[in-house]
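This report refers to the structure that appears directly beneath it.
Rule-based calculations on the coordinates, nothing more; no lab input. What you are looking at is a predicted structure, and each value in this text was computed from that prediction instead of being measured. Note that each Cβ is placed from the backbone with ideal geometry, even for glycine, and that neighbours are counted across all protein chains shown.
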Amino acid sequence: MGLTLAEKILKAHTVDGVFEKGREIGLKIDQTLTQDATGTMAYIEFEAMGIGQVKTEKSVAYIDHNTLQSGFENADDHRFIASVAKKHGIWYSRPGNGICHQVHLERFGAPGKTLIGSDSHTPTGGGIGMIAIGAGGLDVAVAMGGGAYYITYPKIVNVKLSGKLSPWVSAKDVILKLLSILSVKGGVGKIIEYTGEGVGTLSVPERATITNMGAELGATTSIFPSDERTRAFLRAEGREDVWVPLAADEDAVYDEVVAIDLSSLEPMAACPHSPDNVKTLGEINAAAEGGRMKIDQVCIGSCTNSSLADMLKVAYILRGKTVHPDVSLSVSPGSKQVLTMMAGCGALETILSAGARLLESACGPCIGMGQSPNSAGISLRTFNRNFEGRSGTKDARVYLVSPEVAAASAVAGYLCDPRALGDMPAFVLPEQFTVNDNMITPPAPPKEADSIAVLRGPNIREYPKTAPLADHLRAECALKVGDNITTDHIMPAGAKILPLRSNIPAISKHCFAVCDESFPERALALGQSIVVGGSNYGQGSSREHAALAPLYLGVKAVIVKSFARIHRQNLINAGILPLEFVEEADYDTVSQGDILAVEDLREQVEAGGPITVKNLTKGKSFETKCELSERMRAILLCGGLLDYTKANLK
C-alpha cells in the first residue's frame, strides 16, 4: 500500500512514537516562524529554557501584526524580538517587509520540509508542498530548542480536483466550497491533501490561498504536490535549488475523499459570522432589499489574498474606474516584494488612481488593526475570518470574498458578480520576481552571541506562574459559554489589546470580554475556577494567550463538548486540564456559579480513564474524558510544557 504525500513527509520526519493512525508522533521540525503578536512570548519562553542558539535549519521572526505604534509597547516588542533574534540565531523580518506567510512562501519555504509557526495560518506553506502547521508559541520555542513537535497521526483527506476554474472564479471559491462541505469542524484531526488533474491548473499563489484557509476547517494542515508549477514559482524567486518533485504514490489510500469540479464553481462569499456560512452571490443579493446588497467597505489583502497575482487582477478591474463614493476601499500588498512589483508594472498607480487607500504590507484590518467598519456596516474582505467583532466594530457584517468580487463590488457599490465584467484576460506572472532581502536581518555569528544584549521594555513581563497538577480540585464554574467559541472570544485582538501580548497580567483583563466583561475580575477574585463550553471550543487563531490569560486568572480546568486542536494543546502546555463531557447532555446540567469538584485528580489523570466531576451545588456527578498520551500526561502533571521542557530538554 502506497503513501500519501503528507504521510511521506511525516514518516521521514518522525523521531518519536509509533507511526500509526491515532497514535502520537514526534516530528523533527526543519523551520519555525513567529510573528510579533505571538513572538514576544515565544521568545520569553525560549529564553526560559536556557538554550543558546536555535537548532532548526531556519527560524524566522516576522513583524507584521502589531505595526500600529500608537504607544511604546509595540515598538518595544519589536526591539526585543530583533535583539533576541540576533543573539539566538534567528532571522528577523523587519516591519514593512510583509506578512509572515507571504514572505515565508516567497523567501524561505521549501517542498518536503516541516514548518511550525505561532500563527494558525502557517499551513499556507502547504501551497509549495510543505508540512506546515500552526502551533502555540511554547511549542515553537521547544522546536527552536531542538525538541520534537508532537501531533496525533491524523487522518488524510483527499480533495480530488478536476476541471479548471472558469473566468473570474478564483481559488478563494475553492476553499469556500470545501468549507461549505466540511464546516469549520470538518477538518479537526485531519490533513487535507489536494490531488487530481485540477491541481496542475492552479498556480502557487492560488494553492497558498487554499491551504491558508484550511485553518478555518480546523485541519492540522493542508498540502499540494510539488510539481512544475512549484518549480516555476521557486525559479522566479531565485530559489529553484530547493525544489524537489513530491507527490502521493499512485496506490495511496486516503481516509476520506471529497471531489470538487473546478469548472462547476461560481463566485461565493462566507456570510457573517463564520467562514463556513457560505452562499453564492446570487443567494445573498436575492435576500437583500432591492435584489442587491449595498456595501460600505472593501478590504483587499491579508495572508490569504495579497499576492502579486491577486493584485494584478484587482488593478485590471479598477483600471479607468473610480471606487463608489459610498465605499471605502483599502489595499494591503502581502509583502514588500509584491508592493515593489506592483509599482514597477503600473498596477499600484492604477489602484491608487481609482481611489483605493494603500495600507502597509502587514496584517492590518484582518487582525483588527485599523480599518474598522462604520456602525452596522457591511464589509467585504478578502480575509480568512469574519468572527463577530473581529473587525473592531461589534455590529459589523463581514463577508469573506475573492479579490475579484471585492474589486468589482468596490466600484459598483454593492455585492457584484465579477463575471459581469466580460472576458477575463490571462494574468501571467513574471518569470523573474524582483527580489530584495534588505529588510531581512540575518542573526549574528554564534561567537558574537554572548556580547549581544536582549532589550526589554517595561511592558514585557515574565511567563505566568505555574504549579504541578493538584491532588484535588474544587472550584466554581466562573463562566459557561456555547458552541464554536473562538480564541477571539477568549482573548480578543485589535489595536487596543494586541500591544499587551507580552504583558499577561494586563491582557488578562480583556479575557472573555466579548462574552462577559465581568469574567476577569470575577475569576481573579475566586483564585481558582473552571470554564464550561460547548463544541469546537477554541477554534480560530493559534494564540496561546487564550490559554495563558486564563492560567493567570486561575482557571484550572476547561470542560467542553469538544476542543479545537491547537487550543487544546495550548491548554495542556499551560497546565490547564482539558476535559470533555462523555455525555454531551451533561453540559446542560452545569450552570455558571456551580461548585465543581474532582477528587483524587492526579490519581485519575495518571490512571488514564474517565474523570468523575462532582457538581456539589446540584448534588450530581458526570463523567468526562481526558485523552492524553504519556507525554501529555507528564506535561500536565508537571504543571505545563515549560516546566516539563526544563526538566527533559538537554
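In region 5-264, Cα pairs under 8 Å separated by at least six residues give a relative contact order of 23 percent.
Answer rounded, prolate or oblate for region 425-483, using the Cα gyration tensor with square roots of eigenvalues a ≥ b ≥ c: rounded when a/c is under 1.5, else prolate when a/b is larger than b/c, else oblate. Note, shape of region 425-483 comes out oblate. Peptide packing: for 390-399, 9-18, the average count of neighbouring Cβ atoms within 10 Å per residue gives the ranking 390-399, 9-18, highest mean first. Derived scalar couplings between HN and Hα for region 410-426 equal 4, 6, 6, x, 8, 4, 10, 7, x, 5, 6, 6, x, 4, 9, x, 7 Hz in order, rounded to whole Hz, by the Karplus curve 6.51 cos²θ - 1.76 cosθ + 1.60 (θ = phi - 60°), x for Gly and Pro.
DSSP beta bridges confined to the chain are antiparallel in about 35 percent of cases. First check a/c for region 473-648, with a ≥ b ≥ c the square roots of the eigenvalues of its C-alpha gyration tensor; if it is under 1.5, answer rounded, and if not, answer prolate when a/b is larger than b/c or oblate otherwise. The shape class here is oblate.
What the Cα convex hull of the chain gives, in volume per residue, is 144 Å³. Kirkwood's formula applied to the C-alpha pairs of region 1-75 gives a hydrodynamic radius of 15.4 angstrom.
Basic side chains Lys and Arg get +1 at the Cβ, acidic Asp and Glu get -1 at the Cβ, and with that the dipole of region 5-264 about its Cα centre reaches some 220 debye. Legend: distances between Cα atoms for 8/561; 556/618; 58/447; 8/625; 8/28; 394/465; pairs beyond 24 Å are 8/561; 8/625; 394/465. Using C-alpha pairs below 8 Å separated by at least 6 residues, the relative contact order for region 280-392 is 34 percent. Just so you know, the averaged projected area of the alpha carbon convex hull for region 268-416 sits at 7.6 nm². Of all lysines in the structure, those lying under 22 Å Cα to Cα from residue 164, and not within fewer than 8 positions of it along the same chain, are 172, 177, 279, 313. For residue 476, the residues whose amide H sits under 5 Å from its own are 530, 596, ignoring neighbours fewer than 5 places away on the same chain, with H placed 1.01 Å from N. With θ taken as phi - 60° and the Karplus curve 6.51 cos²θ - 1.76 cosθ + 1.60 applied, the whole-hertz 3J(HN,Hα) list for region 37-48 is 6, 10, x, 4, 5, 4, 7, 4, 5, 4, 4, 5 Hz, x standing for glycine and proline. Sequentially through region 194-204, phi angles give Karplus couplings (6.51, -1.76, 1.60; θ = phi - 60°) of 9, 9, x, 4, x, 4, x, 8, 9, 6, 4 Hz, Gly and Pro residues having no value and appearing as x. State the percent of C-alpha pairs, over all pairs in region 285-368, separated by a distance greater than 22 angstrom. It works out to 28 percent of all Cα pairs. For the chain, the mean residue ellipticity at 222 nm estimated from helices alone is -8000 deg cm²/dmol, where every DSSP H run of n ≥ 4 contributes -39500 (n - 2.57) and the total is divided by all residues, rounded to the nearest 500. For region 353-489, a Kirkwood hydrodynamic radius built from all Cα pairs, placed in the Stokes-Einstein relation at 37 °C and 0.692 mPa s, yields a translational diffusion coefficient of 155 µm²/s.
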